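As structure tokens, the structure follows; a few thoughts come after it.
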Amino acid sequence: TITLTIDGQQVEVNQEATVLEAARKLGIEIPTLCYHPDLSLHGSCRVCVVEDEKSGRLLASCVAPVNDGMEISTNSSKARRARKTNVELLLANHPNDCLGCDRNGSCELQDITHDLGITKVSFEGEKRDLPVDASGPSLKREPNKCILCGRCVRVCEEVQGVSALEFTERGFNSIVSTGFDLPQSEVNCANCGQCATVCPTAAITEISEIDKVWAALEDDSKHVVVQTAPSIQSTMGEEFGIKAGTIVTGKLAASLRRLGFDRVFSTDFAADLTIMEEGNEFIQRFKGNKQLPHITSCCPGWVKFCEHNYHDLMDNLSSAKSPMSMFSAISKSYYAEQTDIDPESIYTVAIMPCTAKKFEKDREELVGDTDAVLTTRELARMIKEMGIQFATLENEEYDEMLGAHTGAATIFGTTGGVTEAALRTVKEELDGEALGRLGLGFEGIQEATVEIDGQEVNVAIANGLANAAKILDEVRAGNSKYHFIEVMACPNGCVGGGGQPLPTSKEIKQKRAQGLRNIDESGIIRKSHKNPMIIKLYEDYLHEPLSGHSHHLLHTKYQK
Ligand code: HC1
Ligand code: SF4
């Protein structure tokens, strides 16, 4: 270990530590911009400078290695002046449109400016005038707001293995762009939105559909139904000052009613339906030893990544539509029939933690199912605009019919959840026994073996696309032992989705996931096939999983 002194306090750290890590161990906060705890080090913005008291040199603390006997001042006047200057230089080229900016209130550059007491910029900088890329379908890039921290480039390459973004040009002209500067919609981007979650400013944000949804809500000829994704239950509170992982299901229902939605339903209901369809599809494949490994397809970022990189394995994807799309299809068929509402007048809005769901909605195989997708952040904006006091709302119930859900559905929102939910149903159906705990961890690649009806079923879970690629390479090479593979494009699953509240970190995502696990363990029905509304849906309408009617409404084949 190494001992150093920071602001007069001694600290011991291992020799690989950086000065920033040593300071944080002491509880000393040094502002950062290009640094992100989940990504490699960059050291370019120099907002984290500190002074080495012995040499008087300024060090970028996020990349500076610790030395024995080092004496660091994080707040010497030299360090503070340098930090301010570095931020002012960023501000000199930055647009001055904070008031109308998507990230007003959640911008890291704005926060640091405030915290450092910068009230005016001393330099006259040249502003860039680069075009906005809103080619969609999920993300908007505004290069003029980019501070070149490279967090988006790193997350896309290191965590997702996509490398859709890169630095181009040099000096003042340096920008982050797609390869050949193509529109985002024309490159291999998975639309996962991880770049938006790490972007400190509004250089990358979701394409907003808020105006469309207001228009639908104000249109009396439309019957507007809303569905909320499983993970929102433990994340939406963060937008209103409630701790991450706090379950706000009842407040969500209440706020959606205040916004004027005609029916407040839950994607969880359709997650149970997905399990019924996909679980039986897996049973058929497993018994017939065909199209194995079975690979989940509920995550649209993953499906797009597979189309670009593992096209030869597309037949291994489940044909089951995602819960979001299943919900929408059921709302315009079964629900319309049961309530005698003209399906043409039904407008379905999905509240998703995910930017890729906007892409899923527009896919040619699924177009017409869902009418609008709002991220968690967009819904929060609407709630705020209406002046609804979310934090103090009384809990309300979801509406009946498409609102009932189980613990199995809730855990879809965190990696491993889909597998666990599917195996709870598959195992009971095949051997009549209940599934024990799978004990799958939260990160990287996780695997387990479950005995079902005397046979071993090997399952694997990939967190993030770079990990998915590792598993799929083995499948392609014929070396994979897995029968069932779950892929979620975002590390830690939908709790870490590209549309979730900001800021986000591993620690926050862990709390969100725990919130979902707490719902599952709270005494509600825990198995999809026991959801009474699902049982009724099959009795009344679909007859049985994989029936002709089910296939028509709930399955698809991705074409690309
Ligand atoms: Fe997800 Fe899913 S779990 S993909 O992560 O299968 O977005 O939350 O709604 O569709 O149910 C997202 C979450 C979500 C679908 C479900
Ligand atoms: Fe990369 Fe995902 Fe951003 Fe696309 S959305 S650029 S895949 S991080």
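What's the local net charge at I388, with K and R +1, D and E -1, over the other residues with C-beta under 11 Å away?
Working: positive: K251, R257, R258, K384; negative: E385.
Result for the neighbourhood of I388: +3.
Which order do peptides 506-516, 48-58, 275-285 fall in by mean Cβ count within 10 Å, highest first?
Working: 506-516: 20.8, 48-58: 17.6, 275-285: 22.6.
Final packing ranking: 275-285, 506-516, 48-58.
Treat every Asp and Glu Cβ in the chain as -1 and every Lys and Arg Cβ as +1, leave all other atoms uncharged, and give the resulting dipole magnitude about the Cα centre to the nearest 20 debye.
1360
For the chain, what log10 I(q)/I(0) values come out of the Debye formula at q = 0.08 1/Å, with one point per alpha carbon and no solvent?
Here the Debye-derived log intensity ratios amount to -0.56.
When ranked by the protection proxy of mean other Cβ atoms within 10 Å per residue, highest first, what sequence do the peptides 410-417, 114-121 form? All intermediate terms of the calculation are to be shown ahead of the outcome.
On the way: 410-417: 30.1, 114-121: 11.5.
Sorting 410-417, 114-121 by mean packing, highest first, produces 410-417, 114-121.
So, with +1 on the Cβ of K and R and -1 on the Cβ of D and E, and no other charges, what is the size of the charge dipole of region 128-206 about its Cα centre, to the nearest 20 debye?
On the way: 7 positive and 10 negative charges, 46 e Å.
The calculated dipole for region 128-206 is roughly 220 debye.
Given H placed on each backbone N at 1.01 Å, which residues far from H555 in sequence or on other chains put an amide H within less than 5 Å of it?
Correct list: K321.
If contacts are Cα pairs under 8 angstrom and at least 6 residues apart, what is the relative contact order of the chain in percent?
On the way: 1106 pairs, mean separation 85.9, N = 560.
It rounds to 15 percent for the chain.
Taking θ as phi - 60°, what are the ³J(HN,Hα) couplings along region 223-237 by the Karplus curve (6.51, -1.76, 1.60), each to the nearest whole Hz, with x for Gly and Pro?
Using θ = phi - 60°, the values come out as 9, 9, 9, 10, 10, 10, 5, x, 6, 4, 4, 10, 10, 4, x Hz.
Determine, at each q value in 0.15, 0.18 (inverse angstroms), the log₁₀ of I(q)/I(0) that the Debye formula gives when each Cα of region 128-206 is one equal point scatterer.
Here log10 of I(q) over I(0) equals -0.43, -0.64.
When only Cα pairs under 8 Å and 6 or more residues apart are kept, what is the percent relative contact order across region 128-206?
Values: 125 pairs, mean separation 30.1, N = 79.
Computed over region 128-206, the figure is 38 percent.
Here are some pairs, K332/K536; K222/K557; K243/K506; which of them have Cα atoms lying more than 23 Å apart in this structure? Could the numbers behind the result be given before it?
Values: K332/K536 17 Å; K222/K557 30 Å; K243/K506 15 Å.
Too far apart for the 23 Å limit: K222/K557.
When DSSP assigns beta bridges and you keep just the ones with both residues in region 325-480, what percent turn out antiparallel, to the nearest 5? All intermediate terms of the calculation are to be shown ahead of the outcome.
Values: 8 of 12 bridges.
Here the antiparallel bridges make up roughly 65 percent for region 325-480.
Just to be sure I understand: of the beta bridges DSSP finds with both ends in the chain, what percent are antiparallel, rounded to 5?
Working: 28 of 52 bridges.
For the chain, the DSSP antiparallel bridge percentage is about 55.
How do D211, D520, D268, D7 rank when sorted from fewest to most other Cβ atoms within 10 Å of their own Cβ? Please report the intermediate quantities before stating the final value.
On the way: D211 9, D520 19, D268 32, D7 15.
In order of increasing Cβ crowding within 10 Å: D211, D7, D520, D268.
Of V162, N316, I525, which is farthest along the charge dipole of the chain in the positive direction, counting Lys and Arg as +1 and Asp and Glu as -1 at C-beta?
After comparing all options, I get V162.
Report the dimensions of region 24-174 along its three principal axes from the alpha-carbon atoms, largest first, rounded to Å.
Extents along the principal axes, in whole Å: 53, 39, 30.
Normalising by the residue count of region 2-91, find the relative contact order in percent from Cα pairs under 8 Å and 6+ residues apart. Let's see the in-between values first.
Numbers: 160 pairs, mean separation 30.9, N = 90.
Relative contact order for region 2-91 comes out at 34 percent.
Mind checking which lysines have their C-alpha under 25 Å from K54, skipping anything on the same chain fewer than 8 residues away?
Straight-line reach from K54, under 25 Å: K25, K78, K84.
I'd like the Karplus ³J(HN,Hα) series for region 514-530: coefficients 6.51, -1.76, 1.60, θ = phi - 60°, whole numbers in Hz, and an x wherever there's a Gly or Pro.
With coefficients 6.51, -1.76 and 1.60, one gets 4, x, 5, 4, 5, 4, 4, 9, 7, x, 6, 4, 10, 10, 4, 6, 9 Hz.
Multiply the residue gap between M386 and K290 by 0.36 nm, knock off their C-alpha separation, and tell me the result in nm, one decimal place. Please report the intermediate quantities before stating the final value.
On the way: separation 96, 0.36 × 96 = 34.56 nm, distance 5.24 nm.
Full extension of this stretch gives 29.3 nm more.
If you take every residue apart from N492 with its C-beta less than 12 Å away from the C-beta of N492, what net charge results, scoring Lys and Arg +1 and Asp and Glu -1? Spell out each step's value before the answer.
Values: positive: K506, K509, K511, R512; negative: D38, E443, E507.
Residues close to N492 contribute a combined charge of +1.
Which residues' amide hydrogens lie under 5 Å from the amide hydrogen of I346, considering only partners 5 or more residues apart or on another chain, with H built in the peptide plane?
Under 5 Å from the amide H of I346 lie the amide H atoms of H223, each far enough along the sequence or on another chain.
For region 516-560 and region 20-77, write down the distance between their C-alpha centroids in whole Å.
Using only Cα atoms, the two centres lie 52 Å from each other.
Could you list V264, V367 in order of exposure, starting from the residue whose Cβ has the fewest other Cβ atoms within 10 Å? Before the final figure, lay out each step's value.
Numbers: V264 22, V367 10.
In increasing order of surrounding Cβ atoms, one gets V367, V264.
For a quick check: with amide H placed at 1.01 Å from N, whose amide H comes under 5 Å from V373's, ignoring anything fewer than 5 positions away on the same chain?
Those lying under 5 Å, H to H, from V373 are A350.
Got a sec? Charge dipole of region 162-314, +1 on Cβ for Lys and Arg, -1 for Asp and Glu; which of C298, S208, A271 is way out at the positive end?
A271
Where a number appears in this text, it was derived from the coordinates with a stated rule and is not lab data. All figures in this text were calculated on a predicted structure; none of them were measured in a lab. Virtual Cβ from ideal backbone geometry, glycine too; neighbours counted across all protein chains shown.
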